[in-house]
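The values are calculated or read from the model by the stated rules, or taken from the named source; none is laboratory data. Keep in mind that what you see is a predicted model, and the values were worked out from it rather than measured. Cβ sites come from the backbone with ideal geometry, for glycine too, and all protein chains shown count toward neighbours. SASA here: full protein model, heavy atoms, side chains in, ligands and nucleic acids out. Shrake-Rupley method; radii C 1.70, N 1.55, O 1.52, S 1.80 Å.
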Amino acid sequence: MKLKEIKELGLADLSQREVALRKELFSLRIQKQVNTLENPLRLRSVRRELARVLTVAGAKSLSK
């Protein structure tokens, strides 16, 4: 997701997205350890998207 799309989400949607990204990141880390990871760059993109979601969620919670 792009930053613009993330900013349009509500707090509930952001928390759901955070949970989904954390699960995906966990799965990718397991795949990396077992050497079955097909796309290693996906780890980076998931980490960055998770950081974006957390940043936007923090900003929205402070503004309320």
> For the range 1-25, which residues satisfy the criterion of being of a type in the set (D, E, K, R) and open to solvent by 90 Å² or more (accessible area, probe 1.4 Å)?
Replying inline: 2, 4, 7, 8, 22, 23
>> Which numbered condition in (1) in a helix (DSSP H, G or I); (2) open to solvent by less than 100 Å² (accessible area, probe 1.4 Å) is the only one that residue 62 fails?
In response: (2)
> Among the numbered criteria (1) more than 24 Å from residue 61 (Cβ to Cβ); (2) in a helix (DSSP H, G or I); (3) open to solvent by 80 Å² or more (accessible area, probe 1.4 Å); (4) not small (Gly, Ala, Ser), which single criterion is violated by residue 38?
Replying inline: (2)
>> Between a residue in the range 44-64 that is under 13 Å from residue 20 (Cα atoms) and any residue that is outside any helix (DSSP H, G or I), which pairs come within a Cβ distance under 7 Å, given they are 6 or more apart or on different chains?
In response: 49/1
